[in-house]
Amino acid sequence: MYRFENPSRHFESDDQQLDTAELFSSVLLIEDDRSHATLIKRALNGVVGAVRHESTGRAGIDALLESFTELVLCDLNLPDMTGIQIIAEVRRLRPHLPIIVLTSSSKLDDAVDAMREGAWDFMLKQLSGDLHGQMELIVRRTAERKLQQLRELEVRAERDAFWAAADTAQDGLAILGDEGGVVFSNTAFHNFYHSLHPSEEVDRLNIVDLLARHNFSVARDLHRELNNRSVDVLWSSELETEVTDRQGASRKQYHELTLSAVGAGGPTQNAFLGGLAPRVRYRVFWLRDITRRKEQERFQRDLLSTTTHDLKGPLNAILTSAELMGEYGGKDPARDSELLTRMSSCARNAINIIDELLSARRIQDGVLVVKPRWYRLDEILEDAVLDYLPMAKSKEIDFSGRPVAPDVYIYADRLALNRVLGNLISNAIKFTQKGGKVEVSAAEVDGAVRIAVRDNGAGIEAAARHKLFERFSRLEKHSEVEGTGLGLFVTKNILEAHNGRVDVKSAVGTGTTFYVTFPNGPTPPQP
């Protein structure tokens with residue numbers, strides 16, 4: 001553990017001696033006898049820093065409020081206040097301020113009473129002899145006690161900071177006894193426990209019993225490690241649980257568990273270690289929620305599986321068409337044209353799959369960034385129609401785009417907009433039967449641009465529409481159609497990044513229309 005420099009180092013001189021003048025750089029002397037005050041101030045010269053003198057108790061308290069004081073020397077016999085009253089007032093205002101009381105030899109009982117009330121030390125006012133040496137001795141004694149107080153405050157502050165950090169940590173922390181009983185636990189651990197068993201008291205928790213209810217194998221391994229007396233215990237495992245929220249919905253939750261040993265209770269003889277070793281009594285138990293990490297890992301596996309599966313179809317079709325072109329090319333122009341159209345369509349399909357996967361990955365990682373600019377909408381739609389004509393032609397689908405006025409502009413990220421149009425158009429072509437029709441149109445509606453992609457395919461049942469925009473969602477009746485199930489998921493996220501929206505209107509047996517709306521930007525271009 002890293003520690004700050006010992007506070008006493010700041011008050012040591014070059015020869016490692018305690019510098020009381022630095023520690024007590026501002027001193028308050030409360031003494032009603034001016035001649036005594038003069039002698040005392042002279043004796044303090046070089047022992048402490050600046051000395052402020054006040055003749056009454058009330059003036060001394062006022063001085064304490066006005067300026068920063070590091071040491072108080074106070075006569076016990078003052079005309080307006082007793083020494084006990086001054087001590088009580090100083091302790092109220094500055095609880096940790098050192099106080100040295102000054103008394104005559106006939107008033108030693110008063111000095112004892114002052115010490116009971118909180119004075120740090122006392123000194124007899126024997127103003128003859130080596131008064132400077134007496135002052136130096138008593139001030140040094142007070143300084144050593146002050147430094148000890150500073151060290152204790154530092155240790156307490158470090159402890160409080162450590163426990164505050166532990167309690168506010170996102171990971172769960174518990175200190176366990178030999179049998180798995182919880183000695184200490186932070187807020188994250190409490191939340192973990194209550195998420196599994198909200199009706200039980202944490203104070204009665206045994207972590208082995210808790211884990212046994214969900215995974216007996218993990219609980220057994222943990223119990224074995226708790227009984228391992230080695231000082232270098234380090235055990236880790238994973239726990240899968242199922243939690244139910246307030247709405248009754250259940251979800252899987254994953255936690256990484258870690259156990260390490262803490263030596264405590266003094267040394268014990270250990271023959272295996274060749275000498276004294278700390279007696280192991282407690283274990284530190286950490287748990288970290290890795291649900292998001294598991295979801296990301298599962299997402300990566302799904303992406304890989306989807307990529308390898310869905311790219312096989314178009315790539316095999318391109319390979320087959322290329323082989324046929326190589327073998328029979330030039331003999332039948334119509335056949336050649338058909339093969340080229342098929343190759344172009346399959347290449348476009350493969351590109352769509354790759355783009356969908358890359359876009360979904362950015363969304364999953366939270367790094368989908370759009371940089372919208374103004375573009376002429378007619379040029380955007382014309383390019384989209386040309387890109388997907390080969391795909392439509394390969395299925396003998398009538399695909400077209402309605403003309404858009406040249407003065408209509410859209411405020412969007414160009415690549416993201418192309419991705420949205422590509423997803424909607426390719427879906428419309430894939431899910432429309434041979435000989436069907438797909439049409440793209442656009443219009444300005446209430447200060448925004450609304451693009452529509454219509455088809456006269458089989459349509460979508462109302463009960464299935466809520467799943468359309470989920471990741472990897474595929475309707476059962478379209479399971480034989482190639483695709484990742486990511487297109488509409490990506491489309492929805494892109495529209496949300498533009499503060500836009502996507503809507504769907506469909507009727508079984510009639511067809512489907514997807515509407516995407518892009519709000520206008522801050523400064524429309526001048527026509």
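The values are calculated or read from the model by the stated rules, or taken from the named source; none is laboratory data. What you see is a predicted model, and the numbers here were worked out from it, not measured in a lab. Glycine gets a Cβ as well: all are built from the backbone with ideal geometry, and neighbour counts include every protein chain shown.
Summary of computed values
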item	result
Enumerated strands (runs of 3 or more DSSP E) restricted to region 16-116, each holding at least 3 residues that are at pLDDT 90 or above and hydrophobic (A, V, I, L, M, F, W, C)	26-30, 71-75, 99-103
Inter-residue pairs, beta-carbon under 9 Å, first more than 15 Å from R450 (Cα to Cα) and in a strand (DSSP E or B) and in region 392-421, second at pLDDT 90 or above and basic (K, R), 6+ apart	D398/K437; F399/K437; S400/K437
Those helices (runs of 4 or more DSSP H) lying entirely in region 148-228 with at least 1 residues out of contact with any strand residue (DSSP E or B) (no Cβ under 6 Å at 6 or more places or on another chain) and not assigned by TED's automatic domain parsing to the domain that holds H255	none
Qualifying residue in region 129-136 (condition: in contact (Cβ under 8 Å) with a residue 24 or more places away in the chain and farther than 30 Å from K41 by Cα)	no
Residue match in region 230-253 (condition: within 19 Å of I175 (Cβ to Cβ), modelled with pLDDT of 65 or more and of a type in the set (D, E))	no
Qualifying position, being surrounded by fewer than 17 Cβ atoms within 10 Å (Cβ to Cβ) and touching a residue at least 40 places away in the same chain (Cβ under 8 Å), among S104, S26	S26
Every residue from region 445-473 that is modelled with pLDDT under 90 and in a strand (DSSP E or B)	V445
Failed criterion for S359 (all others in (1) farther than 21 Å from E496 by Cβ; (2) at pLDDT below 80; (3) of a type outside the set (D, E) hold)	(1)
